[in-house]
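Right, one structure below, let's go through it.
The values are calculated or read from the model by the stated rules, or taken from the named source; none is laboratory data. Please read all numbers here as calculations on a predicted model, not as lab measurements. Methodologically, a virtual Cβ is constructed for each residue, glycine included, from the backbone with ideal geometry; neighbour enumeration extends over all protein chains shown. In case anyone asks, the SASA skips ligands and DNA or RNA and just uses the protein heavy atoms, side chains included. Shrake-Rupley method; radii C 1.70, N 1.55, O 1.52, S 1.80 Å.
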Amino acid sequence: MAMTQPLTLHSWPKAILHVDADAFFVSVEQTLHPELKGKPVITGAERGIVAAASYEAKAFGVKRGVSLTEAAHLCPGLIMLPSDYETYSLFSKRMFNIVRRFTPEIEEYSIDEAFADLTGLRRVHHAAYQDIAKEIQQTIIRELDVGVSVGVSLSKSLAKLCSKFRKPRGFAAVPGHTIHLLLERTPLLNVWGFGPNTTALLAKHGCRTALDFVRKPRYFAEEVLGKVGVEIWSELRGEYVYRINTAPKTDYASISKSKTFAPPSSNQRYVFAQALRNLESAFIKARRYALAANRLVVYLREQNFASHGCEATLNRPTNSPLDCTNVLRGLFEQCFHPDRTYRATGIVLADLQPALPAQCDLFEDPLRAIKTATVAKAIDEVNAQFGKHTVFLGEGLHLGRTSEDRLIGGRRGTPTVRRAHPLPGETARQHLALPLHTPKMVH
Ligand SMILES: [Mg+2]
């Protein structure tokens, strides 16, 4: 191979870090349940679709989005866990807080990925950028027991390529004068923002690697790919174009509530009332954190543990169950079969965002939106005084008496899993304010 010329001789005009957890949801599960380490594990069992797969499961071809039936077929002995987004979000926050100890300039890009700006911190930390990045990685792995891959380079696009370079627990630091060596080994499809169509288009112009692309003149990127093409072209050449956005993000978070009932039932009204109760619980929590949901997922679990789920996008973000009982009913009817027996229902509120006062869509009566918000607030006040679910939607009556449930599941009942089994890094005194959550079934 011919010697390639460096693209720039500047080592670190900017030092941008990318942290990306490896098989994040599954790693968290393996940390909480060490007996699962080294085993093929997936999460997403409650929805009937793989949400995350451990590297052991990936080796069998199991990946995100595959149905549970197919996953079980690909990998006999696969351990399927329901998702526990509350705990994943908590680990995510802890991971980002570790990065924050090193720099305040952090962008929480997704639940398991962050960018951070390390520029100018060499003096503060008395270390080279690659050493600071390495220290961040090791601190996360040591304190959270969750594997992360880390990359550091001159731009977000380059940092992302670096963290991807040797997953899992990969590490790559690429200063300006060696960017060309990284790009030479990077197929275009790995470039952030390039999909199969772009890749195919660039292939027609003789570009196979990212280096082939950045060796083309700027006007080529502009003519073939437009404005975004030039941005990516510049980023790959080591220019800092995509800025770190430090505004806090909540849109990736979700709230889920599910409850197993005994005896199992095939009574449609009863099972629906269970789902509705979960919906109310989930929204109580959303309101407590001043969040509103954009998407609703419903799932029903049969007696044999098979799960069936459906989801819908709401016409506006809301945190009132009154706004989506009809959506819930529609989804429920899609999943429910009268000849099956169910043991649990679950609700996921997804794409959460900060709740704004009375958001309305164009075709809705704004007064109604304000009224439902007022009703929800009044319900919270009554329930705060007399106990959760003192006031509930009428169909909850199909549940029968629920006061016993409250005592068993409530704060004054048996200690929660969180109290009984502290997370790594927690002590009895320094306990994180964790939401109540039910023990998980491993099957
Ligand atoms: Mg990841």
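Kindly establish whether Ala262 is exposed (fewer than 12 other Cβ atoms within 10 Å of the Cβ) and closer than 30 Å to Val298 by Cα.
Working: exposed (fewer than 12 other Cβ atoms within 10 Å of the Cβ): yes; closer than 30 Å to Val298 by Cα: yes.
Yes: the conditions hold for Ala262.
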**Message:** Cβ-Cβ distance below 8 Å, separation of 6 or more or different chains: which pairs start in the range 313-325 with a residue that is in the same structural domain as Lys377 (by TED's automatic domain parsing) and within 13 Å of Ala373 (Cβ to Cβ) and end on one that is aromatic (Phe, Trp, Tyr) and buried (at least 21 other Cβ atoms within 10 Å of the Cβ)?
**Reply:** Asn319/Phe283; Ser320/Phe283; Pro321/Phe283
**Request:** Determine if the range 41-54 includes at least one residue that is touching a helix residue (DSSP H, G or I) at 6+ places or on another chain (Cβ under 8 Å) and assigned to a helix (DSSP H, G or I).
**Result:** yes
**Asked** Looking at the range 25-59, which of its residues are in contact (Cβ under 8 Å) with a residue 60 or more places away in the chain, within 13 Å of the ligand (Cβ to nearest atom), among the hydrophobic types (A, V, I, L, M, F, W, C) and open to solvent by 10 Å² or more (accessible area, probe 1.4 Å)?
**Response** Phe25
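Take the range 387-416 and flag every residue that is on the phi < 0 side of the Ramachandran plot and either in contact with a helix residue (DSSP H, G or I) (Cβ under 7 Å, 6 or more places away or on another chain) or modelled with pLDDT of 70 or more (or both).
Filtering the range 387-416 down to residues on the phi < 0 side of the Ramachandran plot leaves 388, 390-399, 401-416.
If the condition is that a residue be on the phi < 0 side of the Ramachandran plot and either in contact with a helix residue (DSSP H, G or I) (Cβ under 7 Å, 6 or more places away or on another chain) or modelled with pLDDT of 70 or more (or both), then Lys388, Thr390, Val391, Phe392, Leu393, Gly394, Glu395, Gly396, Leu397, His398, Leu399, Gly413 are the ones that fit.
When you scan the range 359-371, do you find a residue that is within 23 Å of the chain's Cα centre (by Cα), farther than 30 Å from Ile79 by Cα, modelled with pLDDT under 75 and not basic (Lys, Arg), even just one?
no
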**Request:** From (1) more than 16 Å from the ligand (Cβ to nearest atom); (2) modelled with pLDDT of 95 or more; (3) aliphatic (A, V, I, L, M), pick out the condition that doesn't hold for Ala159.
**Result:** (1)
**Request:** Please note which helices (runs of 4 or more DSSP H) are completely contained in the range 193-293 and include at least 2 residues that are outside the structural domain of Cys162 (by TED's automatic domain parsing) and among the aromatic types (Phe, Trp, Tyr).
**Result:** 268-288
**Request:** Might you let me know whether the range 241-260 holds any residue that is touching a residue at least 12 places away in the same chain (Cβ under 8 Å) and in contact with a Pro (Cβ under 7 Å, 6 or more places away or on another chain)?
**Result:** yes
**Item:** Filter result for the condition that a residue is within 16 Å of the chain's Cα centre (by Cα) and not β-branched (Val, Ile, Thr), over Ala53, Ala71, Ala57
**Value:** Ala53
**Item:** Checking Leu74 against (1) within 16 Å of the ligand (Cβ to nearest atom); (2) touching a Phe, Trp or Tyr at 6+ places or on another chain (Cβ under 7 Å); (3) of a type in the set (A, V, I, L, M), the condition it does not meet
**Value:** (1)
